[in-house]
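The values are calculated or read from the model by the stated rules, or taken from the named source; none is laboratory data. For clarity, every value in this text was computed on a predicted model and none was experimentally measured. When we count neighbours, we look across all protein chains shown, and the Cβ atoms used for this are built from the backbone with ideal geometry, even at glycine. We work out accessible area using only protein heavy atoms, side chains counted, and drop any ligands, DNA or RNA first. Shrake-Rupley method; radii C 1.70, N 1.55, O 1.52, S 1.80 Å.
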Amino acid sequence: DAVLRAVAEAALPVATEAVRVSVYVEATSQALQLRRLYHECDAGLDGVISLGRFEEVLSARAPALPPPLAFRAFREMAAHTVGDDVIPPGVFVQVCLAHGVRLPEQGGWPEPPPGALVE
């Protein structure tokens, strides 16, 4: 009994670290997908994203996402625009993550086009 407890206690930090790494990898993967989503939404390559374009791209990439969630996320992004209604990529990603916008794993993401707004 004492041996099993010692083994379990020794394994706990390793398991905890593995979970932490797993969560980090998942968050990094989602952030990368959301960055790609940003570039897909930014049709004019100027950082200006319309609600219609955001909803259109989300419905194609994450059809199960409720439209009210997309609207709330977009409204918050719009509150953090800079300059001429520009939504910075970092704001886009942070707001999407904060509102629970999650994209299923899928391929076929376009690379950011030349001249795209990047941070």
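Miscellaneous remarks
- Enumeration of residues in segment 44-63 that are under 21 Å from Q30 (Cα atoms) and free of Cβ contacts under 8 Å to residues at least 12 places away in the same chain: E56, S59, A60, P63
- Check on V93, more than 12 Å from I49 (Cα to Cα), modelled with pLDDT of 90 or more and open to solvent by less than 50 Å² (accessible area, probe 1.4 Å): yes
- Scanning segment 39-75 for residues that are open to solvent by less than 70 Å² (accessible area, probe 1.4 Å), in a helix (DSSP H, G or I) and within 15 Å of A98 (Cα to Cα) yields L69, A70, A73, F74.
- Just one of the listed residues (V86, V82) is of a type in the set (V, I, T), open to solvent by less than 70 Å² (accessible area, probe 1.4 Å) and at pLDDT 70 or above, namely V86.
- Taken over segment 46-61, the criterion of being of a type in the set (A, V, I, L, M) and either closer than 19 Å to P89 by Cα or in contact with a Cys (Cβ under 7 Å, 6 or more places away or on another chain) (or both) is satisfied by V48, I49, L51, V57, L58.
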